[in-house]
1. Checking Leu192 against (1) modelled with pLDDT under 85; (2) under 17 Å from Asp148 (Cα atoms); (3) in contact with a strand residue (DSSP E or B) (Cβ under 9 Å, 6 or more places away or on another chain); (4) among the aliphatic types (A, V, I, L, M), which test does it fail?
2. If I filter segment 112-132 down to residues being surrounded by fewer than 12 Cβ atoms within 10 Å (Cβ to Cβ) and in contact with a helix residue (DSSP H, G or I) (Cβ under 9 Å, 6 or more places away or on another chain), which single residue comes out as nearest to Leu227 (Cα to Cα)?
3. For segment 91-111, indicate whether the set of residues that are at pLDDT below 85 and touching a His at 6+ places or on another chain (Cβ under 9 Å) is non-empty.
4. Which of (1) in contact with a Lys or Arg (Cβ under 6 Å, 6 or more places away or on another chain); (2) modelled with pLDDT under 90 does Arg224 not meet, given it meets every other one?
5. In segment 122-178, how many are over 22 Å from the mean Cα position of the chain (by Cα) and of a type in the set (A, V, I, L, M)?
Amino acid sequence: MKQRIVLIASVIIGLIAAALTGQYLKAKDNEVTKTIADLHGRYTLVTVLGVKKQTSTGQILTEADIGHFSVVEGSVRGHVIKDSECPMVLNRRLLHAMEKESLLYWSDIAGGDPVNKGLADDIKGGMRAISIDVGGTAAVSGMVNPSDHVDVIGTFTFPSPQKSTEMEMVTMTIMQDVLVLATGRETAKSRLVNGASQNGGYGAITIEVTPREAEMLVFAQQARGRLVLSLRNPSDGNSYEKDLPRVDFSKIQEEIKTLNMDRQVRILGKRSL
């Protein structure tokens with residue numbers, strides 16, 4: 001009987017010890033989990049670029065040279081090159097030799113960070129950048145993007161050549177095949193880095209023009225003309241209309257039949273009408 005009591009007591013003590021141990025281990029597990037979470041909060045890992053192997057001064061970087069390394073965010077200085085910026089590093093020249101698995105900074109790359117240089121470095125020699133107020137439907141429902149090519153069409157109210165006391169509305173194509181440098185504050189470079197677009201949320205675009213074209217566009221805007229963009233296909237670089245007319249109401253009346261016939265036959269390929 002005594003042995004049975006001792007056995008039962010031993011089992012009860014064992015169960016109590018197991019329960020207490022379980023509680024202790026659970027508390028420790030929660031403590032470890034919290035510590036890990038705190039560490040992740042303090043030491044966030046980011047993926048940055050580096051060189052996979054020894055490189056030489058002046059070497060042009062290719063995909064075979066560039067490695068992707070996970071590092072603690074706070075352990076690297078601000079101008080380290082992020083993984084998302086890889087396309088802007090390819091085919092760029094190194095300013096000096098680098099050891100294997102060294103991290104890449106913009107100070108290591110000839111020309112430095114292209115985004116922080118701003119828009120001025122994107123303008124070709126002899127050209128100018130000018131912003132015009134177009135957005136929404138005037139910018140093809142906001143679907144014009146940096147690096148697109150557009151035609152600029154203007155509608156103006158002029159004194160009538162027939163009756164000087166009357167005004168008439170005239171529409172004309174001002175410029176053809178114009179490079180879009182920016183939409184709002186978004187450029188092709190900033191889009192590449194951020195990986196997103198404004199989705200039409202802009203009220204102005206910046207285009208690349210000659211100094212004379214810039215003067216013409218400024219006058220067009222000051223004359224309270226309405227400017228509209230016509231988006232071009234990227235492969236349509238050789239297309240140019242030499243004799244685009246000024247369009248008014250009488251011009252539409254004269255040519256609407258001819259234009260519609262041309263659309264059916266030449267564009268849509270219909271042979272019998």
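1. (3)
2. Gly126
3. yes
4. Among (1) in contact with a Lys or Arg (Cβ under 6 Å, 6 or more places away or on another chain); (2) modelled with pLDDT under 90, Arg224 violates only (1).
5. Within segment 122-178, the first condition is being over 22 Å from the mean Cα position of the chain (by Cα), and the residues that meet it are 125-127, 152-176.
If we keep only those that are of a type in the set (A, V, I, L, M) as well, we get 127, 152-153, 167, 169-170, 172, 174-175.
The number of residues fulfilling the criteria is 9.
Every residue, every condition in (1) surrounded by 10 or more Cβ atoms within 10 Å (Cβ to Cβ); (2) over 30 Å from Pro161 (Cα atoms); (3) outside the structural domain of Leu179 (by TED's automatic domain parsing); (4) modelled with pLDDT of 85 or more, yes or no:
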position	(1), (2), (3), (4)
Thr206	yes, yes, no, yes
Val228	yes, no, no, yes
Phe249	yes, no, yes, no
Leu268	no, yes, yes, no
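The values are calculated or read from the model by the stated rules, or taken from the named source; none is laboratory data. Just so you know, these numbers come straight off a predicted model, no measurement behind them. All Cβ positions, glycine included, derive from the backbone under ideal geometry; neighbour counts span all protein chains shown.
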